[in-house]
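As structure tokens, the structure follows; a few thoughts come after it.
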Amino acid sequence: MRTQAPGFWDDAKTAEAQMRKIKDLKNWVEGYKSVKTATEELELAYDFYREEAITEEEVDAAYNHAVEQVETLEMKNMLSKEEDKFGAVIKIVAGAGGTEAQDWADMLFRMYQRWAERQNYKVEITNIQDGDEAGIKTVTMQFEGEMAYGYLKSENGVHRLVRVSPFNAQGKRMTSFTSVYVVPLVDDTIEIEINPGMLSWDTFRSSGAGGQNVNKVETGVRLHYKFMNPVTNVMDEIVIENTESRSQFGNKDNAIRLLKSQLYELELEKRRAASAVVEAGKKKIEWGSQIRSYVFDDRRVKDHRTNYQTSNVNAVMDGDIDAFIKAYLMEFAD
């Protein structure tokens, strides 16, 4: 094996890239084996049923398991782009509407945390700003795990909430909007050029829950980066705040990684625009478009791009969004 060859680890970067390829191939082989085993078990179950050795319910269970295995592999096949394999960065920003919108942002924050737990993904909160009375104004989350961006890219856009507001004394039905931005979390295999002359930093105290927990040292960092936007071809600025680490060095290091992630997403957007073929009648997918409505009173969550909907609002808000992700990938993935 090449990995056993002398000098394989001399170039650590190349070796790690090779190991990732091996891991990816291994996952495909294991996925194929799972599908093959499930379909063989289904055939066997049907034979046993004809011999009256097992019940119809047991055949149904074998069938459902086989379908689940096939669909899992099929969905993974939809994630074939270079960026799909990376982790993801999600930034949630409450829209206009004060406390109601900030509470909605907090609910989405929890939804994605619960989803990550279901996927066994590691999540780090790199920056969070509490709301004035409740909820949050904004939060930035990093998801570390295989195909995290491939799955979460479906969440990019504006999420709309309709409910009777607990913050409204008249019990009126309120509509709130929160924006969710998703970019790939790049690793060391992606070369992103940063012009140090266009980079500047501010430092500030990373505030916690208040009182004794407030950080007395300026460990929070705010990065400013001016650059020529490859999509719009005009000068632009990216501002990133990072307060995750207790050390200023750690926060600067992660802020640079988040900057590279955003610059990488812009390059991808430029590439996609250059190669896009707009099909007649195909739904338009834009960064800021309203993608999904959560109507609590009517017990309905509907995705406006795929028309997939469910009445199980509680499950969705508890992180069960896989069906929405699957519907998006099956319709829009190339």
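Given the conditions (1) over 28 Å from L223 (Cα atoms); (2) in a helix (DSSP H, G or I); (3) not hydroxyl-bearing (S, T, Y), report the number of the one that L79 does not fulfil.
Failed condition: (2).
Yes or no, residue by residue, for (1) at pLDDT 95 or above; (2) assigned by TED's automatic domain parsing to the domain that holds W28; (3) surrounded by 12 or more Cβ atoms within 10 Å (Cβ to Cβ):
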position	(1), (2), (3)
T126	no, no, yes
G131	no, no, yes
I136	yes, no, yes
R163	no, no, yes
A169	no, no, no
T175	no, no, yes
S206	no, no, yes
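Quick check on my filter: what residues within region 22-44 are in contact with a Ser or Thr (Cβ under 9 Å, 6 or more places away or on another chain) and within 14 Å of E146 (Cβ to Cβ)? Walk me through how you get there before you give the answer.
In the first step, residues of region 22-44 are kept if they are in contact with a Ser or Thr (Cβ under 9 Å, 6 or more places away or on another chain); the result is 22, 31, 34-35.
Selection gives I22, G31.
Specify which of the listed residues (A315, A327, A323, A273) is surrounded by fewer than 13 Cβ atoms within 10 Å (Cβ to Cβ) and either at pLDDT below 95 or not assigned by TED's automatic domain parsing to the domain that holds V70 (or both). Steps first, answer last, please.
Values: A315 fails: surrounded by fewer than 13 Cβ atoms within 10 Å (Cβ to Cβ); A327 fails: surrounded by fewer than 13 Cβ atoms within 10 Å (Cβ to Cβ); A323 fails: surrounded by fewer than 13 Cβ atoms within 10 Å (Cβ to Cβ).
Going through A315, A327, A323, A273 in turn, just one is surrounded by fewer than 13 Cβ atoms within 10 Å (Cβ to Cβ) and either at pLDDT below 95 or not assigned by TED's automatic domain parsing to the domain that holds V70 (or both): A273.
How many residues are among the small types (G, A, S) and at pLDDT 95 or above when one looks only at region 276-306?
Residues that pass the stated criteria total 1.
Scan D320, D303 and give me the residue that is charged (D, E, K, R) and under 15 Å from the mean Cα position of the chain (by Cα).
Of the residues listed, the single one that is charged (D, E, K, R) and under 15 Å from the mean Cα position of the chain (by Cα) is D320.
Which of the residues spanning region 150-161 are more than 16 Å from I92 (Cβ to Cβ) and of a type in the set (S, T, Y)? Before the answer, list the steps.
If we filter region 150-161 for residues that are more than 16 Å from I92 (Cβ to Cβ), which is where we start, we get 150-151.
Correct list: Y151 only.
Among the listed residues A96, A61, identify the single one that is among the hydrophobic types (A, V, I, L, M, F, W, C), part of a loop (DSSP other than H, G, I, E, B) and surrounded by fewer than 21 Cβ atoms within 10 Å (Cβ to Cβ).
One residue alone meets the criteria, A96.
Considering only region 80-106, how many residues are among the polar types (S, T, N, Q) and within 17 Å of N168 (Cβ to Cβ)?
Final tally of qualifying residues: 2.
Is there any pair with a first residue in region 54-76 that is under 16 Å from K326 (Cβ atoms) and touching a residue at least 40 places away in the same chain (Cβ under 8 Å) and a second that is surrounded by 13 or more Cβ atoms within 10 Å (Cβ to Cβ) and among the hydrophobic types (A, V, I, L, M, F, W, C) whose Cβ atoms are under 6 Å apart and which are 6 or more apart or on different chains, and what are they?
Close Cβ pairs satisfying both conditions: L73/V35; M75/L329.
May I ask you to verify whether A66 is assigned to a loop (DSSP other than H, G, I, E, B), more than 13 Å from the chain's Cα centre (by Cα) and farther than 15 Å from Y181 by Cβ?
On the way: assigned to a loop (DSSP other than H, G, I, E, B): no; more than 13 Å from the chain's Cα centre (by Cα): yes; farther than 15 Å from Y181 by Cβ: yes.
The answer is no for A66.
List the pairs whose first member sits in region 179-197 and is more than 11 Å from R257 (Cβ to Cβ), whose second member is surrounded by fewer than 16 Cβ atoms within 10 Å (Cβ to Cβ) and modelled with pLDDT of 95 or more, and whose Cβ atoms are under 9 Å apart, counting only residues at least 6 apart or on separate chains?
N195/K226
In region 225-248, how many are more than 23 Å from R271 (Cβ to Cβ) and either surrounded by 14 or more Cβ atoms within 10 Å (Cβ to Cβ) or free of Cβ contacts under 8 Å to residues at least 24 places away in the same chain (or both)?
Residues that pass the stated criteria total 7.
The values are calculated or read from the model by the stated rules, or taken from the named source; none is laboratory data. Quick caveat, the model's predicted, so the values are computed rather than measured. Every residue, glycine among them, receives a Cβ derived from its backbone with ideal geometry; neighbour counts consider all protein chains shown.
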